[in-house]
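Colleague: Input: one structure, supplied below.
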Amino acid sequence: MSEANPIPSRREFWAVVTLIAGTCGYFLIFAQFAFWELLRAHVGADQLQVSMIALGLAGVAGSGLAAWRFRLVTCQTALRGGAMACVLAAVAGCVDASPVAAAAVGLSVGWLTVTLVAGLRAAAGMQHLGRAVGVGTGLAYAACNLPGVHSAAPLVQAGMAIVLMAVAAVAIRWVRMGEAEVSHNDDFRPVRMAAWVGIFLALVWMESAAFYVIQHTPVLRAETWGGSLRLLLNATIHLAVAVGAGVWMDRGRFGRVVLAGWAALAGSCLLLDERMRPFVGVEVLYTAGVSACAVALVYYAARGGRAWLVAVLLTIAGGLGSALGIGMAQELNRLPVGFVLAACAVVTGLLTIRHRGRRLRRPLLLAVAGLLWVPAQREARAGAVADLPVVNATLAAHPMNSRSS
């Protein structure tokens, strides 16, 4: 079924891109990184746990409130209020990192993200929705991977996030909300919507677990984010994949973008252990998979034009999926192959249901075959690595190897 396609001017398009980049960048650099470093430096373990709960609950409350109050006619005002609330919450977090500040961050981010994504269909138009999401998201991920940003002190990163959000608040002035009905595409029938929520839940769960393992394993972290050249490569991959994914989705290739992102992410997760060095390019797969999946999630939520769907998707897939992934990684301190294969089975099954065996059948089967080949290849290479005495001694001394697998 055809959908309304209001075409924004060039200035309006770049205003939308700036707003997406500012919101995504604020979330990545402050809400996910700098704020937690500030909390760890100023509160004890008990207060840190309370702060995590406060941020999560406030985020759910902010998302639900934004969905309930969403109206296109007042969207610009709601966006401006959300942006300024994010600035104030970041300032409060810098002055006094506490559970109260965490609640303020969660509430403001939840409100702003749901309001923004729910209004993107009207602001960017369907013809350019994928490009707007891809460019905005890609710029945010790329900026956060720049050496000067990635290695900056938490207070400096917080200041950068405040500047990003302030610029986004100014850009709202040129965002025009056109007329846009909700999508009646097959992907937004009840069963299909439930399937997509399940797909994105599995993807975010897998990505969050992998991210935690990388962050807390020195060898993996050095291989993924170590050095300026590697960070610049990550930034380039994030931007290129995100923009490419956006262009593909505007050409009606949404399913293929999700499939490609899932295959890249799952493949990197299957190769992701402390013996990462023999698997050249796994960090490229991981980075590309993260970008493709992030753009696809935002695009799907925005394309529907339903504020309540945006809130449900971001809460369940984004919030719950991230919490489950991090919680699992904290408990196991690794990424079990069985979990990755189970997540792949869920995504494969839901994609098969969605396409009823059409179009994606062949690439889906090829992707599954490749992913089934990866664990055997990993074990074979792991055996080869074990034969190297210097590498073997290094692995034996690694903290992760003190646990039984």
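Colleague: Rounded if a/c is under 1.5, else prolate if a/b beats b/c, else oblate: with a ≥ b ≥ c from the C-alpha gyration tensor eigenvalues square-rooted, which is the stretch 156-248?
Modeller: Because a/c hits 1.5 or more and a/b fails to exceed b/c, the stretch 156-248 counts as oblate.
Colleague: What residue among Trp225, Ala296, Ala266 has its Cα farthest toward the positive end of the dipole of the stretch 181-312, where the charges are +1 on Lys, Arg and -1 on Asp, Glu, each on the Cβ?
Modeller: Ala296
Colleague: Highest mean first, how do 89-100, 304-315, 169-180 rank when packing is the count of other Cβ atoms within 10 Å averaged over residues?
Modeller: Per-residue mean Cβ counts within 10 Å order the peptides as 304-315, 89-100, 169-180.
Colleague: Mind checking the full-extension length gain between Asp186 and Ala240? Use 0.36 nm per residue of separation minus the Cα-Cα distance, one decimal, nm.
Modeller: Gain on stretching Asp186 to Ala240: 16.5 nm.
Colleague: If each residue of separation counts as 0.36 nm, what is the full-extension length gain between Arg221 and Leu155 once their alpha-carbon separation is subtracted?
Modeller: 21.6 nm
Colleague: Considering the alpha-carbon set of the stretch 16-87 alone, what are its Rg and its Dmax in angstrom?
Modeller: Gyration radius and largest Cα-Cα distance of the stretch 16-87: 14.5, 44 Å.
Colleague: If a/c stays under 1.5 just call it rounded; otherwise compare a/b with b/c (prolate if a/b is bigger, oblate if not). Do that for the stretch 104-215, with a ≥ b ≥ c from the square roots of the Cα gyration tensor eigenvalues.
Modeller: Because a/c hits 1.5 or more and a/b fails to exceed b/c, the stretch 104-215 counts as oblate.
A short reminder: the numbers here are calculations on the coordinates, not readings from a lab. Treat the numbers as computed from the prediction; the structure is a model and nothing was measured. Neighbour counts are summed over all protein chains in view; Cβ atoms, including those assigned to glycine, are modelled from backbone coordinates with ideal geometry.
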